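The values are calculated or read from the model by the stated rules, or taken from the named source; none is laboratory data. From a predicted model like this one, the values you see are computed outputs, not experimental measurements. Using ideal geometry, Cβ is built from the backbone for each residue, glycine included, and neighbour counts are taken over all protein chains shown.
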Amino acid sequence: MSNWENEPEKNSGLSEIEQMQLDAIIMDTAFKNSYLVLTNQITFDELIATKFDIGHEAVMAYDPEEGPTYEQLDNMIHHFIDHEEYEKCAKIQKIIDGMFPQNKE
């Protein structure tokens, strides 16, 4: 028996499936926000202002103060491949090639 089977339900009021769906939405939003900032379609400050104006929080797939790591960018590519957004993958690959030339295949 695993440890999580014995864990009490979270107080979020969500079922496990609902929590997984919410996590997927948050992750998708983080990748999309990160893509917009990485491709200079919006600044991080503009993103924050826009999201807060409509009552949302601005989530990112990386720390905007430090910039993305190779792994974080690679995760973004895999996410967009799963969603068949290949144009975004190509743009992120160009960013990877510029930021991490030593990893160029």
Top-ranked residue of the range 1-21 - restricted to ones that are assigned to a loop (DSSP other than H, G, I, E, B) and out of contact with any helix residue (DSSP H, G or I) (no Cβ under 9 Å at 6 or more places or on another chain), ranked as modelled with the lowest pLDDT = 1
Which listed residue is at pLDDT below 95 and touching a Lys or Arg at 6+ places or on another chain (Cβ under 7 Å), from 58, 49 | 58
Yes or no: residue 24 surrounded by fewer than 14 Cβ atoms within 10 Å (Cβ to Cβ) and either modelled with pLDDT under 95 or part of a helix (DSSP H, G or I) (or both)?
-> yes
Residues (acidic (Asp, Glu) and not in a helix (DSSP H, G or I)) located in the range 29-66 | 57, 63, 65, 66
The condition of being exposed (fewer than 11 other Cβ atoms within 10 Å of the Cβ), within 21 Å of residue 24 (Cα to Cα) and either in contact with a strand residue (DSSP E or B) (Cβ under 8 Å, 6 or more places away or on another chain) or among the acidic types (Asp, Glu) (or both) holds, among 82, 74, 53, only for 82
Take the residues in the range 67-86 that are closer than 12 Å to residue 38 by Cβ and part of a loop (DSSP other than H, G, I, E, B), then tell me which one is farthest from the chain's Cα centre (by Cα).
-> 67
